[in-house]
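**Student:** Okay, handing you the structure first.
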Amino acid sequence: PARYDAVAAQERWQAYWEEHQTFKAADDGSKERRYVLDMFPYPSGDLHMGHAEAFAMGDVIARYQRFRGYDVLHPIGWDSFGLPAENAAIQRNSHPAEWTYANIETQANSFKRYGLSLDWSRRLHTSDPEYYKWTQWLFLKFRERGLAYRKASWVNWCPKDQTVLANEQVIQGLCERCGTQVTKRELTQWFFKVTQYADRLLDDMDQLEGGWPDRVLTMQRNWIGRSSGAYVDFRIEGRDEPITVFTTRPDTLYGATFFVIAPDGKLAPEIVTDDQRAEFEAYLEKTKSESEIERQSTDREKTGVYLGVDAINPINGEAVPIYAADYVLADYGTGAVMAVPAHDQRDLEFAIKFDLPVRVVVDTGAEDPKASGVAAPGDGAYVNSPALEGISGKEAGIAEIISALEQKGVGRGAITYRLRDWLLSRQRFWGAPIPIIHCEKCGEVPVPEDQLPVELPYLTGTDLNPKGTSPLAAATDWVNVSCPQCGGPAKRDTDTMDTFVDSSWYFFRYCSPNDDQQAFDPEAVARWMPVAQYVGGVEHAILHLLYMRFFTKVLHDMGMITFTEPMIRLLNQGQVINQGKSMSKSLGNGVDLGKQIDEFGVDAVRLTVVFASPPEEDVDWADVSPGGSLRFLQRAYRLAADVTSEPGIDAKTGDQALRSIIHKLMADITDCIEGQRFNVAIARIMEMVNATRKVIDSGAGGADPSVREAAEMITKTLSLFAPYVAEEMWEQLGHEPSVAESGWPEVDPALLVTEQVTCVVQIKGKVRARLQVSAEITEDALRELALADAAVQRSLDGQSIAKIIVRAPKLVSIVPA
Ligand code: ANZ
Ligand code: ZN
């Protein structure tokens, strides 16, 4: 056919790939293995433009690695537990599984139509009992290692979803899922002890340098928030135990002129005097309604309440007043700070507001903080600090004061973290039940392994309404069991696990997805992992991407794997936006993927999303042209159709000028793919098409052997981005399918050498200079070169130029005015 028929090609090749299992990982050791993974989707509705972009990028990499001779594992599955399914079930009075698995089917069909080179034989769904059995098993293993535990604590609570949220799921004080203002509640909850791995999560980032985007590493570093300093113990009037503060600047201890504790911590209500209690309690109420973000905001007016007691500075015995103020957080450090207003901005603002003394203890050369309103956090000579006399430099000062405190037994060096343990229990239905039984006699009893999975009971519609406790609690038949240890009456734990638990280990499961004896086969994992390339959105920078690293380290410590980082390289694709804004219903700027595909075909859409910008940058749909992409694909297709020579013909007998251009472009394309500059690679393929078309139209026609060579390179490289048209072209070129199995084109190094030619520069018709230039020099470059030549300048002798004719690469002719 003269034209490429997208719909026919899609149907034909989709069936072909499926029938021939073209993209199934062989896993037979015949080739070196490569694991290329896209973050698996939530089954909420059909695929959207965001999926279209991310999966197109992942597929470029998977197809390229296959071309390079690797046995590629490129699996797919669904992260299929979670709130959206449950909310849909409540609305429709149905079971969450109905909505979930229907959406999965829709997405699976769309993925197949989208032409992704996925290994469908390894498909998994985290909501299948065959999968969550092992999620539960892992939970029990973590618990055995002391890494899963229960404690009562103030937790983030979403009043709309009626469930707790991990810190990571609270975005600027709002619920990550529904945008409702998050409040606090005290509940007994399950936690994973991520904090035990804080140092390793930080230190192992060395392995990710260069392979992961810097911004993700920075975000994780900040989230973990390691900070070193000291604990210092302050005695409190009328109290036996001291209060410990955490400070990064123990060397400013002599400058502590007051003391601040979190209003919502345990301590404040214990030490406040009766006189001050009413005022304190009113302040506490106010504080409870504030988000952590608000409290930490720097441009906020400082507030607080005097608690009526003093603290004693251990270094000099000085008594300083104790305040409760909301800028001190209850769950960071110790929830108490020694306030050093001269050298800490928040403390200074508080001191000015409450008219407290400001004492400079480090001479930084800055203006007097009390007068300027600006604290001096810098370095300098210590003043008013007897124990630090003669010491210079912050590091030496800190070390000196720590040793003085340690000697007196009133302080010690310390490291703190911003990272909190991972709150994993959810009071919702559609998740993996926590496999614990609570017995009055025996306490927490793990469900015996041979009784896993603990399957969800069958609940639908209004049974699932959020009530503050898990809907599972109402399923009494399910809840009441006999204790596995003593046989007495006992109850199942009614919480389910955060879905981030499910997604923290799915990439291991893909290595042996049907194993019913273990979570994964360590040998299969050893064969495939770590993942060579992971692709997904940056919105997961501190959630999924941190949790899965934590899981990997624990599995390492359990002896199940030998590596400590699961993903060597990470690509964060940008977003697809429209008219400069994220697509949303309210803005009415949504672009429907299905409609785009119906109109332009899969290949044109895939080519468009990848061509629009570098992978990490956003694609604005208002600036792109899928119609233009389709026209290009038609051009490429016609080119393959115009080739008349037989396959296997020796290109060396053909047009060497074309070959030189094509091989150079080909070398560049390889570099671009390796460097993940996919958009540039596409531009180079377009240049290949243009150069080849010129030769065909110049009379040589499609018979020239170099034209075939070019068309084959175009077809192969294009197949990374537009797989359907490439299969059609491959067939037009007389080859057996599939182009995906044909191997990456080789570049002839001899053709990369640029030929040098002599360029003559004439002035008023007389030859004044001869230049050695590249045969491919552009007119602009040649003009510049000629005018800069010393001999040319001499003969021009300052005359201005009336006319200059440039015929690259051989002639420049100048006519002076
Ligand atoms: C005295 C001091 C003097 C401080 C000075 C800083 C500068 P990072 O670096 O983020 O770890 N702090 C300690 N616990 C706090 C809490 N629960 N809420 C709010 N602030 C708290 O911050 C550590 C510093 O933040 C600590 O060092 C403490 O103030 C304050 F010139 O102590 B500093
Ligand atoms: Zn018992």
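**Student:** Give me the lysines in straight-line cross-link reach of LYS585: C-alpha distance below 19 Å, same-chain residues under 8 apart excluded.
**Tutor:** Partners found: LYS595.
**Student:** Another question, then. Give me log10 I(q)/I(0) at q = 0.24 Å⁻¹ for the range 228-325, Debye formula, one equal scatterer per alpha-carbon, no solvent.
**Tutor:** -1.33
**Student:** Now, a different point. If R0 is 41 Å, what FRET efficiency do you get for GLN772 and GLU674 from their C-beta distance, rounded to 0.05? Mind showing how you got there, number by number?
**Tutor:** Details: r = 32 Å, r/R0 = 0.78.
Result of the calculation: an efficiency of 0.80.
**Student:** To the nearest 10 degrees, how steep is helix 626-642 against the longest Cα principal axis of the chain, on a 0 to 90 scale?
**Tutor:** For helix 626-642, the angle is close to 40 degrees.
**Student:** So for the pair GLU440, GLU237, with labels modelled 7 Å out along Cα→Cβ, what separation do we get in nm?
**Tutor:** Inter-label distance under the simple model: 5.0 nm.
**Student:** Follow-up. For the chain, what is the charge dipole size about the Cα centre, in debye to the nearest 20, if Lys and Arg each add +1 at the Cβ and Asp and Glu each add -1 at the Cβ?
**Tutor:** Numbers: 84 positive and 117 negative charges, 316 e Å.
Computed charge dipole of the chain: roughly 1520 debye.
**Student:** Moving on to the next point. Could you compute the net charge surrounding PRO466? Neighbours are other residues with a C-beta less than 10 Å from the C-beta of PRO466; K and R count +1, D and E count -1. It would help to have the intermediate numbers written out before the result.
**Tutor:** Numbers: positive: LYS160, ARG428, LYS467; negative: GLU86, ASP161.
In short, +1.
**Student:** Moving on to the next point. I'd like the per residue volume of the convex hull spanned by the Cα atoms of the range 422-575, given in cubic angstrom.
**Tutor:** Details: hull volume 23.6 nm³, N = 154.
Convex hull of Cα atoms, per residue: 153 Å³.
**Student:** Also, quick follow-up: Using the charge dipole of the range 23-99 (Lys, Arg: +1 at Cβ; Asp, Glu: -1 at Cβ; taken about the Cα centre), state which of ILE76, VAL60, TYR42 has its Cα farthest towards the positive end.
**Tutor:** VAL60
**Student:** Which one of VAL361, VAL272, GLY411 has its Cα pushed farthest toward the positive end of the charge dipole of the range 269-417, where Lys and Arg give +1 and Asp and Glu give -1 at the Cβ?
**Tutor:** Comparing the listed Cα positions along the dipole, GLY411 ranks first.
**Student:** Whole-Hz Karplus ³J(HN,Hα) for the range 230-241, in order, using 6.51 cos²θ - 1.76 cosθ + 1.60 and θ = phi - 60°, x for Gly and Pro?
**Tutor:** For the range 230-241, the Karplus-derived couplings read 8, 8, 10, 8, 10, 6, 10, 4, x, 9, 7, 6 Hz, x marking Gly and Pro.
**Student:** Right, another one. Does the chain come out rounded, prolate or oblate by the C-alpha gyration tensor, with a ≥ b ≥ c the root eigenvalues, rounded set by a/c under 1.5 and, if not, prolate when a/b is larger than b/c and oblate if not? Please list the in-between numbers first.
**Tutor:** Working: a/c = 2.63, a/b = 1.45, b/c = 1.81.
It comes out oblate by the Cα gyration axes.
**Student:** Spelling out what I want: for every residue of the range 752-763, take phi, set θ = phi - 60°, compute 6.51 cos²θ - 1.76 cosθ + 1.60 (Karplus), and round to whole Hz; glycine and proline get x.
**Tutor:** Karplus-based 3J(HN,Hα) across the range 752-763 equals 8, 6, 7, 5, 9, 10, 9, 10, 9, 10, 10, 10 Hz.
**Student:** Quick one: work out the % antiparallel among DSSP beta bridges in the chain, nearest 5. Walk me through the numbers on the way to the answer.
**Tutor:** Numbers: 72 of 95 bridges.
DSSP beta bridges in the chain are roughly 75 percent antiparallel.
**Student:** Here's something else I'd like to know. Which trypsin sites (Lys or Arg not before Pro) in the range 722-817 sit in a loop by DSSP (not H, G, I, E or B) and have at most 10 other Cβ atoms within 10 Å of their own Cβ?
**Tutor:** Working: sites: LYS764, LYS766, ARG768, ARG770, ARG783, ARG794, LYS803, ARG807, LYS810; in loops: LYS764, LYS810.
When the trypsin sites (Lys or Arg not before Pro) of the range 722-817 are filtered for loop state and at most 10 Cβ neighbours within 10 Å, LYS764 remain.
**Student:** Which shape class applies to the range 640-751: rounded if a/c is under 1.5, otherwise prolate when a/b exceeds b/c and oblate if not, where a ≥ b ≥ c are the square roots of the Cα gyration tensor eigenvalues? Each step should come with its number before you reach the end.
**Tutor:** Values: a/c = 1.60, a/b = 1.18, b/c = 1.36.
Cα axes put the range 640-751 in the oblate bin.
**Student:** Okay, next question. For the range 259-302, which trypsin sites (Lys or Arg not before Pro) are both in a DSSP coil and crowded by at most 16 other Cβ atoms within 10 Å? Can you show the working numbers first?
**Tutor:** Details: sites: LYS266, ARG277, LYS286, LYS288, ARG295, ARG300, LYS302; in loops: LYS266, ARG300, LYS302.
Taking the range 259-302 and a limit of 16 other Cβ atoms within 10 Å, the loop trypsin sites (Lys or Arg not before Pro) found are LYS266, ARG300.
**Student:** Looking at CYS158, SER117, THR180, which one has the Cα that reaches farthest to the positive end of the dipole of the range 114-200 (charges on Cβ: Lys, Arg +1; Asp, Glu -1)?
**Tutor:** CYS158
**Student:** Can you give the helix-only mean residue ellipticity at 222 nm for the chain, where every DSSP H stretch with n ≥ 4 adds -39500 (n - 2.57) and the sum goes over all residues, rounded to the nearest 500 deg cm²/dmol? Please list the in-between numbers first.
**Tutor:** Details: 27 runs with 295 residues, N = 817.
Calculated mean residue ellipticity at 222 nm is -11000 deg cm²/dmol.
**Student:** Here is a further query. What is the gain in length, in nm to one decimal, between ASN480 and ILE293 on full extension, counting 0.36 nm per residue of separation less the C-alpha to C-alpha distance?
**Tutor:** In short, 63.1 nm is gained.
**Student:** Around ARG631, under 14 Å between beta carbons, what's the net of Lys plus Arg minus Asp minus Glu among the other residues? Intermediate results must be reported in sequence, preceding the final value.
**Tutor:** Working: positive: ARG3, ARG635, ARG638, ARG693; negative: GLU599, ASP603.
So the surrounding residues net to +2.
**Student:** Separation between the ASP363 and GLU301 pseudo-spin-labels, each 7 Å from Cα along Cα→Cβ, expressed in nm?
**Tutor:** For ASP363 paired with GLU301, the spin-label model returns 3.8 nm.
**Student:** Please compare each pair in LYS193/LYS553; LYS766/LYS803; LYS764/LYS803; LYS24/LYS553 to a cut-off of 20 Å on the Cα-Cα distance and tell me which ones are over it.
**Tutor:** Values: LYS193/LYS553 12 Å; LYS766/LYS803 15 Å; LYS764/LYS803 10 Å; LYS24/LYS553 29 Å.
Exceeds cut-off: LYS24/LYS553.
**Student:** LYS370: which lysines have alpha carbons under 23 Å from its alpha carbon, excluding same-chain residues fewer than 8 sequence positions away?
**Tutor:** Hits, sequence-local ones excluded: LYS302, LYS353, LYS394.
**Student:** List the GluC sites (Glu not before Pro) within the range 8-87 that fall in a DSSP loop (any state other than H, G, I, E or B) and whose Cβ has at most 14 other Cβ atoms within 10 Å.
**Tutor:** GLU32
**Student:** Based on the Cβ-Cβ distance from ALA683 to THR188, what FRET efficiency comes out when R0 is 56 Å, to the nearest 0.05?
**Tutor:** On the way: r = 59 Å, r/R0 = 1.05.
E(calc), rounded to 0.05, equals 0.45.
**Student:** Quickly work out the TYR149-to-VAL757 label distance, labels modelled 7 Å from Cα along the C-beta direction, and quote it in nm with one decimal.
**Tutor:** If labels sit at VAL757 and TYR149, their model points lie 7.8 nm apart.
**Student:** Placing unit charges on C-beta atoms (Lys and Arg positive, Asp and Glu negative, everything else neutral), compute the dipole magnitude of the range 373-460 about its Cα centre in debye, rounded to 20. If you can, show how the numbers build up before the last one.
**Tutor:** Values: 8 positive and 11 negative charges, 62 e Å.
Magnitude of the dipole: close to 300 debye.
**Student:** Test of understanding: what is the full-extension gain from ASN93 to LYS160, defined as 0.36 nm times their sequence separation minus their Cα-Cα distance? Please list the in-between numbers first.
**Tutor:** Values: separation 67, 0.36 × 67 = 24.12 nm, distance 1.86 nm.
Extra length from ASN93 to LYS160 when fully extended: 22.3 nm.
**Student:** Using a Förster radius of 51 Å, what is the FRET efficiency between VAL383 and GLN196 based on their Cβ-Cβ separation? Nearest 0.05, please. Walk me through the intermediate numbers first.
**Tutor:** Details: r = 41 Å, r/R0 = 0.81.
After rounding to 0.05, the efficiency reads 0.80.
**Student:** OK, next. Treating only the Cβ of Lys, Arg, Asp and Glu as charged (+1, +1, -1, -1), what charge dipole size does the range 151-237 show about its Cα centre? Round to the nearest 20 debye. Mind showing how you got there, number by number?
**Tutor:** Details: 11 positive and 12 negative charges, 82 e Å.
Value, rounded to 20: 400 debye.
**Student:** Under 18 Å between alpha carbons, and skipping anything fewer than 8 positions from LYS184 in its own chain: which lysines qualify?
**Tutor:** Of all the lysines, those that pass the test against LYS184 - Cα under 18 Å, at least 8 places apart if same chain - are LYS151, LYS160, LYS266, LYS286, LYS288, LYS467.
**Student:** Here is a follow-up. List the equivalent ellipsoid semi-axes of the range 569-665 in whole Å, largest first, each obtained as the square root of 5λ for an eigenvalue λ of the Cα gyration tensor. Before the final figure, lay out the partial values.
**Tutor:** On the way: eigenvalues 271, 58, 22 Å².
Result for the range 569-665: semi-axes of 37, 17, 10 Å.
**Student:** Same structure, new question: By how many nm would the segment from GLU736 to ALA781 grow when fully extended, if each residue of separation counts as 0.36 nm and the alpha-carbon distance is taken off? Walk me through the numbers before you get to the answer.
**Tutor:** Details: separation 45, 0.36 × 45 = 16.20 nm, distance 4.47 nm.
The span from GLU736 to ALA781 would gain 11.7 nm if fully extended.
**Student:** Could you work out the local net charge near ASP128, counting Lys and Arg as +1, Asp and Glu as -1, over the other residues with Cβ closer than 15 Å to its Cβ? Before the final figure, lay out each step's value.
**Tutor:** Working: positive: ARG122, ARG123, LYS133, ARG509; negative: ASP79, GLU98, GLU105, GLU130, GLU455, ASP502, ASP515, ASP516.
So the environment of ASP128 carries a net charge of -4.
**Student:** For the range 1-160, state the semi-axes of the equivalent ellipsoid (square roots of 5 times the eigenvalues of the alpha-carbon gyration tensor), sorted largest first and rounded to whole angstrom. Present the calculation step by step, with values, prior to reporting the outcome.
**Tutor:** Numbers: eigenvalues 244, 108, 38 Å².
Taking √(5λ) for each eigenvalue gives 35, 23, 14 Å, largest first.
**Student:** Here's something else I'd like to know. Separation of the range 326-375 and the range 493-551 by C-alpha centroid, Å?
**Tutor:** Their Cα centres are 45 Å away from one another.
**Student:** Shape verdict for the range 1-95, please, from the Cα gyration tensor: rounded (a/c under 1.5), prolate (a/b greater than b/c) or oblate.
**Tutor:** On the way: a/c = 2.40, a/b = 1.48, b/c = 1.62.
Oblate shape, in that a/c is at least 1.5 and b/c is the bigger or equal ratio.
**Student:** Distance between the C-alpha centers of the range 604-654 and the range 168-206? Whole Å please.
**Tutor:** 45
None of the figures in this text is laboratory data; all of them are computed from the coordinates on show. Keep in mind it's a predicted model, so treat the numbers as computed, not measured. Note that we place each Cβ from the backbone using ideal geometry, even for glycine, and neighbour counts take in every protein chain shown.
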